[in-house]
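Working notes, structure below.
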Amino acid sequence: MRHTVLRPAAALFLFLCVWTAVTERSHGQQSAGPALPFPASAWRAIAHGKPAEAESLARARPADDPAAVAILAHLTLDKGRYDDAIAMLRPAVNRVPLSDAALELALLLQKLGRSNEASPLLNVLLRASPNDHGSLTRAARAAAALGNDARNANALFRAASASGSNPALDTEWGLLFFDKYNYPEAVKSFKQALAADPEWAPAHAGLARTLAEDDPPAAAAEATRALEIDPHLTDAELLLAQLDLDNTRWDAARERIARVLEFNPSHLDARALAAAITYVRGDRQAFDAEVKQTLAINPTFGEIYRVAAELSARNYRFDEAVGLAREAVTLDPANARAHAELGMHLMRTGDEAQARQSLERAFKIDPYDRVTFNLLALLDSLDKFVEIREGDIILKLDPGEAPVMREYAMPLAQEALKTLSAKYHFTPKGPILVEIFPKHDDFAVRTLGLPGMIGALGACFGRVVSLDSPHARPSNPFSWQATLWHEMTHVITLQMSNQRIPRWLTEGISEYEETQARPDWGREMEIPFALALERGKTLKLADLNSGFTRPDTIALAYYEASLLVDHIVQAYGQPKLQALVKSYGEGLEGNDALEKRMGVTLPELQASFDKALDTRFGAIRAALRAIPGATEEGGRGERPAPADITTLRAAAQAHTGNYEAQLAYGQALAAAGDRAAFEPLEKAAALVPGATGEQSPHAVMARLAEQLGDPARAMTEYRALLAQDHTAVDAARRLAALAEKSQTQPILMHAYERIVAIDPFDPAAHSGLGQLALKDNQPQTAIREFKAALAIGPADKASAHCDLGEAYLLANRPADAKAEALAALEIAPSFDRAQELLLRSIKGSGASGNRQ
């Protein structure tokens, strides 16, 4: 392992112990109602959005009470009067160095970039004897603020909690976990705080931040609740502003930031986010002016650049993010987060060597950041990957998968790049790095730095593509080929638009181009979309972009965006689509881009799109419409019990145009092995031709035909299913088995090709394709398939070597054939077929002999 920073196995063990173990905490309940002693009563008033009450409580205390001074100073600095707050705090700290006033002063000085003054105060608080709950809490917060020993901070929070947990403590503890990306523990802490006091606004805000990436609507609800309690809680307001930015609601975000700055004109985080917006919106002069004004408050505030880099990256502008992040670490070399994010941005531009250097620096400053640790571990894994270069594409594969995947991934990537470049009249900047991961969490870490991303299959950053391999989801087959084509389309549209294309358009084009490349790709959302259309739950075009940020609408948004792109091509032409993509790189946005490059307003496009959807989905909608009087259950009309054949027959006869009625009746008959099932199932298939899944009409009819001893009908139905369902690997295997028995070579070829497309690690399918290729005198194809079968590890390895040897002979490569014959004989010395192959290879004969 090549590291400039020591990261021994023990460090990982400690990391896991500290950050993933469930901590045991005291659950002392403390409701919002009962009277509390000072200063807890005043801090509660602040957390409840009652600053006047907190000030009144503090002013009732003696003037030299450091806890009261801390409260008053906190209220003062909340309004941006930092110098006044410092002047209030210093005398109290000089009198009582181990106090809330000392912690408040240290945190304020740190915020203003005066770490040389803040660190000594924090260290004094950290090293103080833990005499009581207050000193333990101050020590824990001091350790968290120092940032270089999160393990110790965690231990101190745990100790403080054991002597009396409360909402303030749990909220601060949650922020420590959140800062290190340990979201599960952060959620526990925030929820524990809210269980003790549901009105603790900072806990609502903390929970909102923790939920923001995975569930933006839930995050927005928590932040909104925080602001209902405390209208001036800046953390909640800025989180909502960030969510607005994710949905390209620029004006709404600005309004939220303006509210924060109206209350506190010197709020550094608000100013940083405001500056980031001016940068991303193309006003570099305003950005530089905002930077100058902000640095007058804190001359080392690298966050002003880091936040701009982060917002740029969230808008696909990764090269610019790199430049901004470099400015951040230059201004504040001790900012571990900035170094780590610079490493992330560099990985997204394909510069993994420079990324490692930045991540190593971040790790040296903060060895407890999960994202930094994960990315360094991933780079260690990538160092072991096999690298294949061909033209403008660099392909990186896990060494265990490379012998197989390289034969399929590189040709497909090249085909996609060539096809799409020609179609869009655009040649992207290379090299284009494609990395395929056999572990989904490795793909997730490559993308976001953390495991998870359960619904994602691939990602593209403009010049870098990453995706799951079939091994990443063994129990959930998917088309890695469709995913790769999808991501290669992003390469075109992102670069073509100078990384400024809106998400709805880049995703819509990628989905659309999947179906253009292979008609069977991307059909699984047809029925769910038709149902959503029938129920009025599709997205309006004005809301389409925000649909990608909601867990409940993201799948719908992808499919609807592809339909919109198809409509644009059909109604306005491919050149108009290309002009629209390019327009974003020329500085146009939203409705302006539509009007100036397509000659249509958003309402006009909505109207024509609605008509197109009515035409395309009218018949399917009618077929999926719930039977009058039936209740909706889980997205489908509730149907009678399958065992009640009489009721099902009556429903099918009464509703001949209803898909669900015909399907339910046919499934019930098929379950009983009744040939009469074919009639209602055929009706169902005609009503909804794109139905997929094991319970779809063609799947049920195929299994019934097999049961009834009708292989020809079974093959017909399996082929019909595969024409719609590109992930039905089990159906492809059944089709192959039937075609093998009937010696139907074209169907067998189709079945094997589909199996390999979904599961390239099936040795039997590769061997079968190889044998067919030999019969068709296609030695190169046979060599590829037999090599893949051998790399996977077939049950009969000696025969597999002979298969490959015969392909080499057919290709006039006798030396290679001889090597395969000898390899077979090492396994089975008396194997007649290997001996015969050896003799023919010595003679250089390409004629095939008898195979055993």
Expected vector for the range 781-792, Karplus 3J(HN,Hα) from phi with 6.51, -1.76, 1.60 and θ = phi - 60°, integer Hz, x for Gly and Pro, equals 5, 4, 4, 4, 5, 5, 5, 5, 4, 5, 5, 6
Just to confirm the number: angle between the C-alpha axis of helix 150-162 and the first principal axis of the chain, 0 to 90 degrees, nearest 10?
70 degrees
Here the gain from full extension of Arg95 to Lys611, 0.36 nm per residue of separation minus their alpha-carbon distance, amounts to 178.1 nm
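I need the shape label for the range 323-405. Rule: rounded when a/c is under 1.5, else prolate if a/b > b/c, else oblate, with a, b, c from the alpha carbon gyration tensor. Before the final figure, lay out the partial values.
Working: a/c = 4.01, a/b = 1.89, b/c = 2.12.
Oblate.
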List the equivalent ellipsoid semi-axes of the range 197-309 in whole Å, largest first, each obtained as the square root of 5λ for an eigenvalue λ of the Cα gyration tensor.
25, 15, 12
Quick one: length gained pulling Ala619 to Phe263 fully straight, 0.36 nm per residue minus the C-alpha distance?
122.5 nm
Just want to confirm a number: the relative contact order over the chain, from Cα pairs under 8 angstrom separated by 6+ residues, in percent.
6 percent
Run down the lysines and flag those whose C-alpha is under 17 Å from the C-alpha of Lys611, throwing out any fewer than 8 positions away in its chain.
Lys537, Lys540
Helix 336-348 sits off the longest principal axis of the Cα atoms of the chain, rounded to the nearest 10 on a 0 to 90 degree scale, by 20 degrees
So for the pair Thr601, Asp251, with labels modelled 7 Å out along Cα→Cβ, what separation do we get in nm?
1.6 nm
Stretch gain in nm, segment Glu740-Ala195, where the contour uses 0.36 nm per residue and the Cα spacing is subtracted
189.8 nm
Among the listed pairs Lys384/Lys818; Lys396/Lys576; Lys775/Lys818; Lys741/Lys775; Lys384/Lys787, give every one whose C-alpha distance is greater than 25 Å.
Lys384/Lys818; Lys396/Lys576
Taking +1 at the Cβ of each Lys and Arg and -1 at the Cβ of each Asp and Glu, which of Tyr572, Pro502, Gln516 sits farthest along the dipole of the range 461-616 towards its positive end, judged by Cα position relative to the Cα centre?
Pro502
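For a test of the definition: using alpha carbon positions, the gyration tensor, and the 1.5 limit on a/c, classify the range 359-430 as rounded, prolate or oblate. Provide the component values of the computation, followed by the final result.
Numbers: a/c = 3.82, a/b = 1.84, b/c = 2.08.
Oblate is the answer for the range 359-430, as a/c is 1.5 or above yet b/c matches or exceeds a/b.
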Across the range 443-454, in residue order, what do the Karplus-derived ³J(HN,Hα) couplings come to in whole Hz, using 6.51 cos²θ - 1.76 cosθ + 1.60 with θ = phi - 60° and x for Gly and Pro?
4, 5, 5, 4, 8, 10, x, 10, x, x, 6, 4
Per-residue HN-Hα couplings for the range 679-690, Karplus 6.51 cos²θ - 1.76 cosθ + 1.60 at θ = phi - 60°, whole Hz, x for Gly and Pro?
4, x, 5, 5, 4, 4, 5, 6, 5, 10, x, x
Report, in degrees rounded to the nearest 10, the 0 to 90 angle that the Cα long axis of helix 832-843 makes with the longest principal axis of the chain.
80 degrees
What fraction of the DSSP beta bridges in the chain is antiparallel, stated in percent and rounded to the nearest 5?
50 percent
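Quick check on packing: order 722-734, 523-535, 584-596 by the mean number of other C-beta atoms within 10 Å, highest mean leading. If you can, show how the numbers build up before the last one.
Working: 722-734: 21.8, 523-535: 19.1, 584-596: 15.8.
Put in order of decreasing packing, that is 722-734, 523-535, 584-596.
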Point-to-point label distance, Arg59-Lys384, nm (Cα→Cβ direction, 7 Å offset):
6.7 nm
Rounded to whole Å, sorted largest first: equivalent-ellipsoid semi-axes of the range 417-555, Cα gyration tensor:
23, 20, 15
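From the Cα gyration tensor of the range 736-820, with a ≥ b ≥ c the square roots of its eigenvalues, which class applies: rounded if a/c is under 1.5, or else prolate if a/b is larger than b/c, or else oblate? Don't skip to the answer; put the middle values down first.
On the way: a/c = 2.07, a/b = 1.50, b/c = 1.38.
Prolate, since a/c reaches 1.5 and a/b exceeds b/c.
Report the FRET efficiency, 1/(1 + (r/R0)^6), for Ser41 and Ser163, where r is their Cβ-Cβ distance and R0 is 22 Å, rounded to 0.05.
On the way: r = 19 Å, r/R0 = 0.87.
It comes to 0.70.
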Given H placed 1.01 Å from N in the peptide plane, which residues other than close sequence neighbours of Ile394 have an amide H under 5 Å from its amide H?
Ile432, Leu433, Val434
Using only the Cα atoms of the range 281-382, each taken as one equal point scatterer with no solvent, compute I(q) by the Debye sum, divide by I(0), and report log10 of the ratio at q = 0.22, 0.23 Å⁻¹.
-1.09, -1.16
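Can you tell me the FRET efficiency between Glu534 and Gln354 if r is taken as the Cβ-Cβ distance and R0 is 56 Å, rounded to the nearest 0.05? Don't jump to the answer; show the numbers that get you there.
Details: r = 52 Å, r/R0 = 0.93.
Computed FRET efficiency for Glu534 and Gln354 comes out at 0.60.
We did not get these values from a lab; they are worked out from the coordinates using the rules stated. As the structure is a computational prediction, the values presented were derived from the model and not from experiment. Heads up, the Cβs are rebuilt from the backbone with ideal geometry, glycines too, and the neighbour counts pull from every protein chain shown.
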